[in-house]
Structure formats: structure tokens, C-alpha cells
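**Student:** Okay, handing you the structure first.
What follows draws every value from the coordinates through simple rules; no lab data is involved. Given the structure is predicted, the values throughout are model-derived calculations rather than measurements. So basically every Cβ, Gly included, is an ideal-geometry build from the backbone, and we count neighbours across all protein chains shown.
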Amino acid sequence: MVAIVAVCKQGDDYPVLNPCGNCRQLVLDYAPEAMVIVNQGGEVVRALAHSLLPAAYTSDFDGE
């Protein structure tokens, strides 16, 4: 996976949608270096998947 973008149809426009928390975690699990296209205050920008969920769940938690 190289890049991900989600859009929705609104009339003749296709605005970019931001991924929900579950989607961010899923992308992070499978492609942490993938570029995700997001809507940041009306501006379409690229972000690395791992930067979208800074306190993500990881399976390497050791309890300390």
C-alpha cells in the first residue's frame, strides 16, 4: 500500500474525508509508512499513517 484517500460525492464535488480512528489504526497496522491524504481545515494534505495516530495501540506493550 502506497497511498490512501477517501472521498464522498456531494453534488458535483468529491471532498476528501478524514479516516476515523479505527481506519487509522488499521492502516497503521498494515502500512505505517503509507501516505494518507487528509482534509486539514479545507486544505488537502498528505501525512504518513503513523503520524495520524500518535498514541496508537501496539501489541508490544510490556506493562511497564
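**Student:** Taking into account only those residues within region 1-43 that are β-branched (Val, Ile, Thr) and assigned to a loop (DSSP other than H, G, I, E, B), which is surrounded by the fewest Cβ atoms within 10 Å (Cβ to Cβ)?
**Tutor:** Within region 1-43, the subset β-branched (Val, Ile, Thr) is 2, 4-5, 7, 16, 27, 36-38.
Imposing the further condition that a residue be assigned to a loop (DSSP other than H, G, I, E, B) reduces the set to 2, 5.
Working: 2: 7, 5: 15.
Selected residue: 2.
**Student:** Follow-up. Somewhere in region 49-61, is a residue at positive phi and out of contact with any strand residue (DSSP E or B) (no Cβ under 6 Å at 6 or more places or on another chain)?
**Tutor:** Within region 49-61 (the criterion being at positive phi and out of contact with any strand residue (DSSP E or B) (no Cβ under 6 Å at 6 or more places or on another chain)), the answer is no, since none of the residues qualifies.
**Student:** Can you pull out every residue in region 36-52 that is touching a residue at least 24 places away in the same chain (Cβ under 8 Å) and under 8 Å from the mean Cα position of the chain (by Cα)?
**Tutor:** Answer for region 36-52, where residues must be touching a residue at least 24 places away in the same chain (Cβ under 8 Å) and under 8 Å from the mean Cα position of the chain (by Cα): 36, 37, 49, 52.
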